[in-house]
1. Against the longest principal axis of the chain, how steep is helix 63-73, in degrees 0 to 90 to the nearest 10, with axes from Cα atoms?
2. Round to the nearest 0.05 the FRET efficiency obtained for Thr774 and Asp339 when R0 = 51 Å and r is the Cβ-Cβ distance.
3. What is the angle, in °, between the Cα long axis of helix 86-99 and the longest principal axis of the Cα atoms in the chain? Nearest 10 is fine, range 0 to 90.
4. Assigning unit charges at the beta carbon (Lys, Arg +1; Asp, Glu -1) and nothing else, what dipole magnitude in debye, to the nearest 20, does the chain show about its Cα centre?
5. Looking at (1) 114, 32, 23; (2) 43, 33, 25; (3) 64, 34, 20, which value of semi-axes √(5λ) of the Cα gyration tensor in Å comes from a calculation on the structure shown?
6. So, taking all protein chains as they sit and a 1.4 Å probe, how much accessible area belongs to Leu435, in Å² rounded to tens?
7. Is there a quick way to get the dipole size of segment 631-714? I mean about its Cα centre, with the Cβ of Lys and Arg at +1 and of Asp and Glu at -1; what is the value in debye to the nearest 20?
8. Exposed loop trypsin sites (Lys or Arg not before Pro) only (DSSP loop, at most 15 other Cβ atoms within 10 Å): please give the longest stretch of the chain free of them, not including the sites.
Amino acid sequence: MRHFLLRKLMKLIGIGLLILLVPAILSGQRWRGEAGGNENYHDLVARIEAYYATHDKGRGSGYKQFMRWRGMMEPRVGPSGEMKNYDALNYQAYRKIMRERSSSRAVHGTWQDLGPTDYYTSDSYSGGGVGRVNCMAFHPSDPDIFWIGTPVGGLWKTTDDGETWNPMTDHFASIGISGIVVDQTNPDVIYVLTGDGAASNSPSIGVMKTTNGGITWQPTGLQFGPEQRRFGYKLLGHPVNPDILFATFRGDAIAPGTGIYRTLNGGQTWTQVLSLNTVWDIEFRPGSPDTMYAAASNNTSATLMRSTDAGLTWMMDDDSDFPDTCDRMAIAICPSVPDKIYAVFGGDFMDGAFRGFYMSTDNGQEFVMQSNTPNILGSAMSGDDGTDQAWRDLAIIVDPDDDTKVFVAAVCAWKSENSGASWQRETWWRRDDPLNPYVHADFQNLYFQNGWLYANNDGGIYRSDNFGHSWQELTNGLSIMQFYEIDILNDEYIGGTQDNGTNGSNVSNPQAHNLWGGDGFGCTWHTGDNSIQYISTQNAVYRRQFGTSIPISPIDLGDNDFWFTQIEMHTTNPDYVFVSTFNEIYRGNGDAFGFSWDSLRLSDFMGGGVTNFVQGVSNPDVMYACNGTNVYRCNDISATSPTWSLLSTPFNGIAGARDVETDPAAAEKLWVCLGGYVDTMKVFFSPDSGLTWVNISDGLPNVPMICLVYEPGSNDGIYVGTEIGVFYRNAAMSSWIYFGNLLPNTRIEDLEIFGNYIYAGTFGRGIWRSETYTSCPYNLVLTPGNDLSNPLSIGTQHYHAENNITSTRLMGGNMAEIFYSAGNYIDMLEGFWSKQGNFLEVQVDGCPD
């Protein structure tokens, strides 16, 4: 045993040193999730692209997830490509705004959650879901109460067995949740591990804690700052002592501070007890909590770690039969036979799929491979493909009453009833399999509780009472959809989302129609015939919806050659539609029988992907486009060969352009918002088509600006969507104000205005709507009849008046913060009541705006 452990240790150390010395000479590698640490964004992208230049990019290859990550990261890196913990930066900025809220907030818009919180589909391919769920936890005594964590939508709770759901962390809703631990002696004490380890949607800011059931949250002693990119995987509570917890993390070989952390005092202080590149999984031995196991790695080689002193020290088990390289490892132990340990290995540093399923019957002393076929980690119905994305999707569980029944879930879920010797598929990611039920693809976690098997995946939360043969979906009520783009027509919306395609609904209907699958992006209505919609998915695949869906893509870009796609109707001629590909914009004309396309020749002048474009209304020959770095203008888009010019801007080479917007009545007026974390470089205005510029960033936080929308007919009223909400400014203001009444602290990906309403497509908290900005009223009367927020009444609410406020409302709900401010007096009359567990501040201070 000793000589093997020495050899294994040398192998792990050697791989760690190799990663330090030779990344520059590697021609590339497949995407296995961002490692974290100090690698430059541009170097990492080049290395991954080099691999996929000669390898498959299809389903299960990881390329989709790489392109998704790339699009997310681009506006969140520094000028030279440095990658920081952007969630730590965003959280700091939000807390600063909350401290200054009385003087920096627009108070007269009230945001309303439109969901969707449910869906239906008429297509056998698309499947559908409401959004990804990462993890869950259960009440110690009430089976109707449990919690779920999402990648960028925060923590949610149900008290009625999944019939309804309530958000618990809207003050840090844009931060992912990878682990939840509920104190089994006092369920008002809850810990959450922040971040999104599996898909890298959200770096960790550490472990947060509530002692009052989620009314307020405080940081524990384990916190990560802007320079510490760590991604949380699992939070594990001790089965007997509620003050002992373990948190596991992923980083890279040159980043200290990853591995396993332990607290013995309820999170006050934490100690790093194992330092390795990655710890994916950690478990207690049932009935013997001093013995623990961890699935760990030093970049490419996985190993089983063991502790016999309650996690204080760790050693490597004899795993000589394990595969030499893998992307991820997961373990499971049967409560009824605690000597039996199962381990599943997926992926490989360069290629490979299912690396093997192993079993130990002697407490981990020896492992025997049970099977490595069929490919239970891929996306093929029969398991005969060679793909996987185990680095992102891998879960394993054992029937607590039968040690031979094992369930492994990755893209789909597979079951074995003979300890992994053979497998049968139990779910399918499309609705066209007569033998196995539809359950959304890409599983994150599995749990057994109260006789149910629970599954968390990219569509939501499911459960089965017959070990996976049939499933019940519990997502109704969760507003966690991750929108990329939206469009509005009257009281209808459509929007493209991550993992769950393009969806549409009426604003009064929380149930959305899933129109198409994949990842949905740009979408719009035909302005000449509102019964027609245009939608898109990755790879620049565009479709025309008119009862049925037909592809209309301008060119064949091959497999996964482009990710984010945009669609805009011509501003004055409904016969034309514009679409973007990687570095080109096309103008299309056609109907159900065919489309013809003309290139706008942008690629002759610009490199890199198109991040946004806008056409003039007052002068439809004018178009502006940006590519994440620069801004370009065209004055003759109707020409056979349009010409573009690079605009000289004060931010070229400093911060990247993310969105462009014009005044419909004056195409020469141009606004540009910028990504990145360069303070005071956020929004610029040009009154003359980009010849001169004014920096109008005053009042904006140092977070990426993602999108803009102009309010037609206003005094240059402009809204900007950011990492932490919406801000507003008009020509009469010297500074931006926070336009956030009842809106969670969430990432805004798109803004649209229709009529007197502004709509926000968020990444992780669905679609929201508010009346557009109005100036402060002289008197304000608040009654139950004019309160759109009740009965939920969550989030932050500000009410201001120049003279007085009169209120007869019931105020507050779950974690609400309510602020009253008037110039002369405030009357709280009969009927007014502030619920317990909320914050109320009343002051005679007038209007901030």
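The values are calculated or read from the model by the stated rules, or taken from the named source; none is laboratory data. As the structure is a prediction and not an experimental result, all values here were calculated from the model. A quick note on method: Cβ atoms are made from the backbone with ideal geometry, for glycine too, and the neighbour counts reach across all protein chains shown. Only protein heavy atoms, including side chains, enter the accessible area calculation; ligands, DNA and RNA are left aside. Shrake-Rupley method; radii C 1.70, N 1.55, O 1.52, S 1.80 Å.
1. Orientation of helix 63-73: about 50 degrees from the principal axis.
2. Taking R0 as 51 Å, the efficiency between Thr774 and Asp339 is 0.15.
3. Between the helix axis and the principal axis of the chain, the angle is about 50 degrees.
4. With Lys and Arg at +1 and Asp and Glu at -1, about 1580 debye.
5. Recomputing semi-axes √(5λ) of the Cα gyration tensor in Å here picks out (2).
6. Counting only protein heavy atoms, Leu435 exposes about 140 Å² to solvent.
7. I would put it at about 200 debye.
8. 1-429
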